[in-house]
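Working notes for the structure below.
Please treat every number below as a calculation from the coordinates, not as lab data. This structure is a prediction, so every number in the text was calculated from the model and none was measured. Cβ: placed from backbone, ideal geometry, glycine included. Neighbour counts: every protein chain shown.
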Amino acid sequence: MLTPASYGFRNEDRSILTIDSIGWQTINSPAYSFAGEERPDTGHVIFQYTLSGQGCIEYEQQSYPLPKGSGFLIKVPGRHRYYFPEGGEPWEVIWLNIRGEEAARLWDLVTAREGPVIRRETDSPVIEGFWRLFRMIAEEKVTDKYLLSARVYEWMLTLVRTSTDDGKEISETSSTMIEKAKRYMKENYALPVTLETLSGHCGVNKHHLCRLFQKSERTSPLAYLRDRRVEAAVALLRTTELPIHEIGRRCGFESPSYFGKVFRHYMAMTPKEYRMKTLEFPYDAIFYE
């Protein structure tokens, strides 16, 4: 069982993302105050998130409350101060300090979209990702800098991906369901997949699935399925001698004419023309993402 704790790492390798510190604590003293221009430790970025209670941050001469579900992104050094207000409820927080040039770049990308204070639900991919990282260190005792760097980078990309208004509304549970739907379509594109079969596989209403899928992937489930079918068709046209109508059938297209229509829409040529054409860059596979 996880309990509040903090862990520090000392690593001078600036070529990769490295953890400076990670922790979980409850603050109840007004002595807790950190000014970004006065700290002796520099060259890192900080994510801190409120689990309960409330703190405050002053950033560029503006004050922001930090209630449950909110957090801040700052760079050290910087013009900011975060602190526990006198007389407040105990402030329970988690934090992650990261070093590396890429960390600063991604921080700038997120703060340009959201400002220094961000909001995420406790079951959001960002917070669930933090707990996975914390558990790796606290319970699994992982200290390898390259493995931790890979996990930190994955977490930061999740932060960037969810920094749009649409992405922030996708919970960890919904993300898992969407990944389940995507995996099903990748593995079963040759079958006559419908919204009914897909939503049944995921255990949700088809309208709910479509809404969440569109919000997360910015495309519909059936358009995503069509992308996978065309990808498979391109690979078969390039790497096999199968008849074109058989390729269409194996890729889930209901008729040769429909296969030809969709393929032309994607590739600006028919399947036969694609197979016969000498391409400048003759890839064996093409991916639509």
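Tabulated data for the structure shown
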item	result
Amide hydrogen neighbours beyond the local backbone of Ile118, cut-off 5 Å, H modeled	Gly71, Phe72, Leu73
Point-charge dipole on Cβ atoms (K/R +1, D/E -1) for the chain, about Cα centre, debye to 20	1100
For region 175-254, size of Cβ-based charge dipole, Lys and Arg +1, Asp and Glu -1, in debye	280
Degrees, to the nearest 10: 206-217 long Cα axis against longest axis of the chain	70
Extreme residue, positive dipole direction of the chain, given options Leu209, Val93, Thr111 (C-beta unit charges)	Leu209
In Hz, Karplus ³J(HN,Hα) per residue of region 251-261 (6.51, -1.76, 1.60; θ = phi - 60°; x = Gly, Pro)	9, x, 7, 6, 7, x, 5, 5, 4, x, 5
Pairwise FRET efficiency - Glu58 versus Thr173, Cβ, R0 = 35 Å, nearest 0.05	0.50
Integer Hz, Karplus 6.51/-1.76/1.60 couplings in order for region 16-32, x for Gly and Pro	10, 6, 10, 7, 7, 6, 8, x, 8, 8, 10, 10, 9, 10, x, 5, 6
Alpha-carbon Debye profile of the chain, log10 I(q)/I(0) at 0.08, 0.09, 0.12, 0.14 Å⁻¹	-0.49, -0.59, -0.86, -1.01
Proximal lysines to Lys180, defined as alpha-carbon separation beneath 22 angstrom and excluding residues fewer than eight positions away on the same chain	Lys168, Lys206, Lys215
Hydrodynamic radius by Kirkwood, which averages 1/r over all alpha carbon pairs of region 104-201, in angstrom	15.6
P(r) of region 6-166 over all Cα-Cα pairs, binned every 10 Å from zero, in whole percent	10, 42, 39, 9, 0
Angle in degrees between helix 125-138 and the longest Cα principal axis of the chain, rounded to the nearest 10	60
Listed residue (Tyr82, Gly8, Ile244) projecting farthest to the positive dipole end of the chain, Cβ model	Ile244
Computed helical MRE - 222 nm, the chain, DSSP H runs ≥ 4 contributing -39500 (n - 2.57), nearest 500	-14000 deg cm²/dmol
Charge dipole (the chain, unit charges on Cβ, about Cα centre) - positive-most of Leu198, Val160, Gly71	Leu198
Ranked packing of 208-217, 236-245, most packed first, by mean Cβ within 10 Å	208-217, 236-245
Cross-link partners of Lys272 among lysines (Cα-Cα below 16 Å; sequence separation of 8 or more within a chain)	Lys261
Rounded to the nearest 20 debye, dipole of region 6-166 from Cβ charges on Lys, Arg, Asp, Glu	200
Ordering of 40-50, 259-269 by packing [mean C-beta count within 10 Å, highest first]	40-50, 259-269
Rounded FRET efficiency, nearest 0.05, which uses the C-beta distance separating Thr239 from Leu109 and R0 of 45 Å	0.70
